[in-house]
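One structure below.
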Amino acid sequence: MSMKLCTLLLLALLWHVAVPVSFHYHRYPELIQALYNVNHACPYITRIYSIGRSHQGRHLYVIEFSDQPGIHELLEPEFKYIANMHGNEILGRELLIQLAEFLCEEYRNGNQRIISLIQNTRIHIMPSMNPDGYEVAADQGPDFNGYLTGRNNFNDVDLNRNFPDLNMVMYYNEKNGGPSDHLPLPDNWKEQVEPETHAMILWMQQYNFILSANLHGGAVVANYPFDKTKDFRSRGYRRTASYTATPDDKLFKSLAMAYSYAHGWMHHGWNCGDYFPNGITNGASWYSLSKGMQDFNYLYKNCFEITLELSCNKFPREEELEREWFGNREALITFIEQVHKGIKGMVTDENNNGIANAVISVGGINHNVFSGEGGDYFRLLLPDTYTVTVSADGYYAKTATVVVGPDEPTVLNFQLKKEKMSSNSREKLPSRNLNSKNHIRKVVPRSANRRRGR
């Protein structure tokens with residue numbers, strides 16, 4: 001067979017399995033089909049899995065992009081996007097379907113930016129956290145959809161008010177010398193949460209997510225933690241507008257602006273009749289929200305999450321989807337790239353075995369991160385000079401000074417020496433169990449109505 005004929009046959013095959021960017025709404029069966037279309041077109045860089053089921057039994061599907069799907073490669077950070085937490089806020093759901101199609105197509109087309117991103121990042125995309133609520137909202141459509149129609153799950157619970165309240169624990173600890181990160185869950189947490197929330201928490205336990213965004217609608221702004229204010233009135237009512245900063249406030253502002261300024265119009269500030277300078281806002285300074293997902297991510301695990309409000313109308317018309325896609329496409333990619341800022345490295349013992357759950361502390365920032373199951377760690381930081389200390393139960397702590405630049409992460413490894421006596425330092429956390437589809441591979445690191453949505 002001639003080379004020319006082989007080329008024509010290959011092009012015909014690629015055309016046959018091409019994944020078009022589709023600007024239309026996807027009901028639950030269509031969402032599943034769209035994800036599997038991407039998987040079939042890009043089988044070597046994608047994997048589809050479910051983290052659990054909704055109240056009505058619908059799967060909470062995730063599509064993963066990686067050059068080694070199903071495997072955590074050491075020193076390769078984990079990233080996640082979640083949308084449709086409120087069932088009637090549907091733009092994010094469609095954008096994430098389109099993002100999956102785009103990543104597949106651009107990888108196949110040889111886009112070096114996308115190839116590098118997929119080779120160096122493990123990307124998890126969940127288009128719908130609340131598929132039950134979406135089906136209720138979709139039955140009404142954009143013309144008759146109300147502010148609450150389909151917002152909650154089938155059990156009529158707002159999923160963004162359903163996570164264990166770790167803010168109050170952290171605020172108490174601030175005054176009494178307790179930890180401000182990796183806070184434990186209450187003993188009865190499983191009885192407090194909905195099936196969708198329960199699945200999300202187990203998902204966070206299974207993967208060492210470093211950066212995340214959850215996509216909402218009802219405004220156009222990038223919202224960052226904390227969502228819940230520390231201030232209280234004399235009668236116990238929370239103030240509705242009181243800036244409440246995390247220890248990583250400057251970093252969160254930078255992450256929010258990375259999305260806002262890559263977005264077509266978010267950074268202008270004036271959107272939907274509201275004004276947010278630079279297109280960003282601290283959650284509590286907008287209005288206080290309790291038991292939200294972004295605060296929970298930050299206080300429970302290593303994950304830095306922001307909330308993206310992406311449309312004035314919660315349920316925009318189908319003909320608006322193309323404009324919204326091109327307004328958000330660059331921002332969606334740019335935000336994923338932020339996971340490669342700061343420092344990363346391995347924490348090992350004297351025999352080069354990875355040490356899990358080592359504590360990585362940065363001088364001047366009262367928020368620690370922990371090493372993952374294989375001993376790798378990731379600490380998002382702005383460009384500057386930092387003093388970093390790593391400690392682990394049973395080992396002598398080690399401190400180093402590091403300079404962080406604006407582009408690629410600085411690699412900073414730590415080899416800890418075992419103590420002769422058992423350590424009296426902070427108790428070592430139990431290891432997380434990873435399923436067989438998420439095992440670790442050791443690799444050589446490569447250089448309709450405008451209302452508040454969240």
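Basic side chains Lys and Arg get +1 at the Cβ, acidic Asp and Glu get -1 at the Cβ, and with that the dipole of the range 309-383 about its Cα centre reaches some 240 debye. Taking a straight line from the alpha carbon of LYS228, these aspartates and glutamates sit under 20 Å away, with near neighbours fewer than eight places off in the same chain left out: ASP158, ASP165, GLU174, ASP181, ASP248, ASP249, ASP295, GLU305, GLU309.
If you plug the beta carbon distance of ALA241 and LYS417 into 1/(1 + (r/R0)^6) with R0 = 51 Å, you get a FRET efficiency near 0.55. Measuring how big the range 229-383 is from its alpha-carbon positions, Rg and Dmax come out at 18.7, 60 Å. Beta-bridge orientation, the chain: approximately 60 percent antiparallel, per DSSP, counting only bridges with both partners inside. Here r is the Cβ-Cβ distance between GLU318 and SER116 and R0 is 25 Å; the resulting FRET efficiency, rounded to 0.05, is 0.15.
Think of each Lys and Arg Cβ as +1 and each Asp and Glu Cβ as -1; about the Cα centre, that makes the dipole of the chain roughly 760 debye. Applying the Karplus relation 6.51 cos²θ - 1.76 cosθ + 1.60 with θ = phi - 60° to the range 318-325 yields 3J(HN,Hα) values of 4, 5, 8, 5, 5, 4, 5, 4 Hz, where x marks Gly and Pro. Distance between the pseudo-spin-label points of LEU148 and TYR36 (7 Å out from Cα toward the beta carbon): 3.7 nm. Of the residues TRP189, TRP325, ranked by 1.4 Å probe accessible area with the largest first, the sequence reads TRP189, TRP325. Roughly speaking, what is the stretch gain from LYS250 to THR387, that is 0.36 nm per residue apart minus the C-alpha to C-alpha distance, in nm to one decimal? Extending this stretch completely gives an extra 47.6 nm. Across the chain, Cα-Cα pairs farther apart than 37 Å form 24% of the total. Based on the reciprocal of the average 1/r between different C-alpha atoms, the Kirkwood radius for the range 151-301 equals 16.5 Å.
Remark on ASN152: its backbone amide H falls under 5 Å from those of GLY87, a criterion applied only to residues 5 or more positions apart or on other chains, H modelled at 1.01 Å from N.
Between GLU174 and TYR287, the FRET efficiency estimated from the beta carbon spacing at R0 = 30 angstrom works out to 0.85. Per-residue ellipticity at 222 nm from helix content only, as computed over the chain with -39500 (n - 2.57) for each DSSP H run of at least four residues, stands at -9500 deg cm²/dmol. Note on ASN109 and ASP187: their simple-model spin labels are 5.7 nm apart, each label 7 Å out from Cα toward Cβ. Taking label positions 7 Å along the Cα-Cβ direction at both ASP139 and SER50, the computed distance is 2.1 nm, reported to one decimal.
Annotation for the range 318-418: trypsin sites (Lys or Arg not before Pro) lying in DSSP loop with at most 14 further Cβ atoms inside 10 Å of their Cβ are LYS417. The average projected area of the range 251-343, computed from the convex hull of its Cα atoms over all directions, is 6.9 nm².
The values are calculated or read from the model by the stated rules, or taken from the named source; none is laboratory data. Note that the structure is predicted; figures quoted are calculated from it, not measured. Ideal geometry is used to build each Cβ from the backbone, glycine not excepted, and the neighbour counts take in all protein chains shown. Remember, those area values only see protein heavy atoms, side chains included, never the ligands or the DNA or RNA. Shrake-Rupley method; radii C 1.70, N 1.55, O 1.52, S 1.80 Å.
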